[in-house]
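**Q** Shown below is the structure under consideration.
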Amino acid sequence: MQWLDFIIFVTITASTPGPNNIISLTSSSKNGYKGSFALLSGLATGVFSVMLICSLFCASLSYFVHNLLLPMKIIGASYILYLAYKNYKRGEIKEDNKTLNLKMDLF
């Protein structure tokens with residue numbers, strides 16, 4: 001496991017907007033930094049713990065189901081390409097008397 005990649009991911013995920021940051025902002029504005037330190041520590045510990053458990057589960061799953069990893073990647077990539085093709089073939093979208101031509105707007 002690449003720990004540096006994991007730490008970077010956790011740091012970015014923890015610092016982007018979401019419910020944890022909203023409650024941190026609310027608590028800090030009402031109680032100040034010192035009054036909210038326990039909440040902030042708990043949120044940081046919780047986010048880190050969830051990320052660690054998920055990464056360990058994914059690593060162990062890929063270890064035990066190693067033979068299925070390549071077919072799962074191929075199926076997933078095929079599905080994403082299928083969705084992209086369906087979006088491309090959809091053509092025009094009419095929205096409030098305004099027609100968007102997806103083929104021209106995307107390329």
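**Q** Return a yes/no flag: does the stretch 64-79 have any residue that is farther than 30 Å from LEU4 by Cα and modelled with pLDDT of 80 or more.
**A** Checking the stretch 64-79: at least one residue is farther than 30 Å from LEU4 by Cα and modelled with pLDDT of 80 or more.
**Q** Take the residues of the stretch 5-52 that are loosely packed, with under 10 Cβ neighbours inside 10 Å, modelled with pLDDT of 80 or more and not polar (S, T, N, Q): which is nearest to TYR63 (Cα to Cα)?
**A** For the stretch 5-52, the residue satisfying everything is PRO19.
**Q** Right, PHE64: free of Cβ contacts under 8 Å to residues at least 24 places away in the same chain, among the hydrophobic types (A, V, I, L, M, F, W, C) and exposed (fewer than 10 other Cβ atoms within 10 Å of the Cβ) or not?
**A** Yes: the conditions hold for PHE64.
The values are calculated or read from the model by the stated rules, or taken from the named source; none is laboratory data. Keep in mind it's a predicted model, so treat the numbers as computed, not measured. So basically every Cβ, Gly included, is an ideal-geometry build from the backbone, and we count neighbours across all protein chains shown.
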